[in-house]
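Q: Quick one: structure below, then a few questions.
Each value in this text was obtained by applying a stated rule to the coordinates, not by laboratory testing. Remember, predicted model here, so these are calculated numbers, not experimental data. Positions of Cβ are generated from backbone atoms using ideal geometry, with glycine treated the same way; all protein chains shown enter the neighbour counts.
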């Protein structure tokens, strides 16, 4: 079971773990859905900020991090183990919208933005949201920083346990239905977000642009 490939859901573009990074060069630039601004490699619009746990920073080879004030627009990233396989969890600070990537390899996570940004965009698309629904995404300009919000980290620990239990119920990562798991995660409720699921919080953010 340890050498089995995880079946990625159809709604994530039929991409294997290796293909995600390879596809990133054609998927790096996304629009900010709320401001109708484009994101370019010139950095004219602030790009995605990835706040990594100490464990993930060590896995990435201790990359240079930037000091940035905490923002609801930040993304938090952590790595944890499910049945002896490394898995990545990325979570949006304000909405707790998340992406779970099972059985990742350290090499595929470098650079982290090239791996994460396409996954975020595809998971947003799976829920019917535009790629820029949670702010601009530019994998070439992704900024790495240390974590800054313990509440978000606590929520991520709860999400990680849901992922671990789902894998156990499926008898392993190879049999895990990622589409069903993500559907469940995006509709999870917590007191930290007034019992509103991520999909509702995102829809509320987009209301001004939908009128």
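Q: What is segment 77-136's relative contact order, in percent, from Cα pairs under 8 angstrom and six or more apart in sequence?
A: 20
Q: Using a 10 Å cut-off on Cβ atoms, rank the peptides 161-173, 67-79 from the highest mean neighbour count down.
A: Ranking the peptides 161-173, 67-79 by packing returns 67-79, 161-173.
Q: Taking 10 °C and 1.306 mPa s as the conditions, I'd like the Stokes-Einstein D for segment 44-106 in µm²/s, using the Kirkwood hydrodynamic radius from alpha carbon pairs.
A: Reported coefficient: 125 µm²/s.
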